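*Asks:* Before we start, here is the structure in question, set down as structure tokens.
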Amino acid sequence: MNNSVGNTARLFGAGLRALLVLTVVCGVLYPLAVTGVAQALFHDKANGSEVTADGRTVGSDLIGQRYDLPLKKGQETAEPDLKWFQPRPSNGLGSNRANGVNTEYDLLVSGATNLSGANKELIQQVKDAKAAVIEDNSTPGHRIGPADVPADAVTSSGSGLDPHVSPEYADLQVRRVAAENHLPIRRVQELVDEHTDGRTLGFLGEPRVNVLRLNIALKELTGKG
């Protein structure tokens, strides 16, 4: 009986010591080491790839933002603020008015619609989005045609949070942004070209434009708040 109690006590003591040691090593030392290495070598990525403007954080390179007008009385969906470049459609993007801090999200998790290509709801969403893109981006003397609208202008990404648009969609918006901000078309096009990133390592992915960084540059150019 005494031996049994003694063995149990020793086993309990050994287990307790193992728990304490593993807690310190795995729960304290290892996380601190990984965090330290990440902060030292990958500081920007470790902190969420934050984007700053005017001395404050305005968003992340990894998460898209919307650029909408304030909701009017009776409205459920805000209208896009046409003086800014617009992202691809998504219900999960935070609202950003004049490059404010991106803190508002309609969804707690990211994800696609999971609607099939034959789904009537999705087809109608795409048709409505295309009509809106054509109407919003047609300017006097320059009418946008249905064939001019790229796919990313009317569809969301798989995550629903894509911060980029294709160069084609950014180019489509140039005349409208120039007209809304009373800027030369050439100067706005230069902004798009300057903020167009090529394929990663020259062959991975597609050319893309980060909408947040493009709008920050536009804000600096126009001085808009």
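*Asks:* Suppose we filter Ile134, Ile216 for residues that are surrounded by 18 or more Cβ atoms within 10 Å (Cβ to Cβ), assigned by TED's automatic domain parsing to the domain that holds Asp81 and either in a helix (DSSP H, G or I) or more than 20 Å from the chain's Cα centre (by Cα) (or both); which single one remains?
*Replies:* On the way: Ile134 fails: surrounded by 18 or more Cβ atoms within 10 Å (Cβ to Cβ).
Answer to the check: Ile216.
*Asks:* Using the structure shown, decide if Arg176 is closer than 18 Å to Val149 by Cβ, out of contact with any helix residue (DSSP H, G or I) (no Cβ under 6 Å at 6 or more places or on another chain), surrounded by 17 or more Cβ atoms within 10 Å (Cβ to Cβ) and assigned by TED's automatic domain parsing to the domain that holds Asp61.
*Replies:* It is false that Arg176 is closer than 18 Å to Val149 by Cβ, out of contact with any helix residue (DSSP H, G or I) (no Cβ under 6 Å at 6 or more places or on another chain), surrounded by 17 or more Cβ atoms within 10 Å (Cβ to Cβ) and assigned by TED's automatic domain parsing to the domain that holds Asp61.
*Asks:* Would you list the helices (runs of 4 or more DSSP H) that sit entirely within region 1-97 and hold 3 or more residues that are at pLDDT 85 or above?
*Replies:* On the way: elements: 2-24, 30-41, 43-46.
Where helices (runs of 4 or more DSSP H) fall fully within region 1-97 and carry at least 3 residues being at pLDDT 85 or above, they are 2-24, 30-41.
*Asks:* Follow-up question, since we're still on this one. Counting only residues that are basic (Lys, Arg) and within 25 Å of Leu218 (Cα to Cα), which one in region 34-85 is surrounded by the most Cβ atoms within 10 Å (Cβ to Cβ)? Don't jump to the end; show me each part of the working.
*Replies:* At the first step, the residues of region 34-85 found to be basic (Lys, Arg) are 45, 56, 66, 72-73, 83.
Next, from what is left, pick out any that are within 25 Å of Leu218 (Cα to Cα): 45, 56, 66, 83.
Values: Lys45: 12, Arg56: 9, Arg66: 23, Lys83: 20.
So, considering only residues that are basic (Lys, Arg) and within 25 Å of Leu218 (Cα to Cα), the one surrounded by the most Cβ atoms within 10 Å (Cβ to Cβ) is Arg66.
The values are calculated or read from the model by the stated rules, or taken from the named source; none is laboratory data. None of these values were measured; they are calculated from a predicted model. Neighbour counts run over all protein chains shown; Cβ positions are idealised from the backbone, glycine included.
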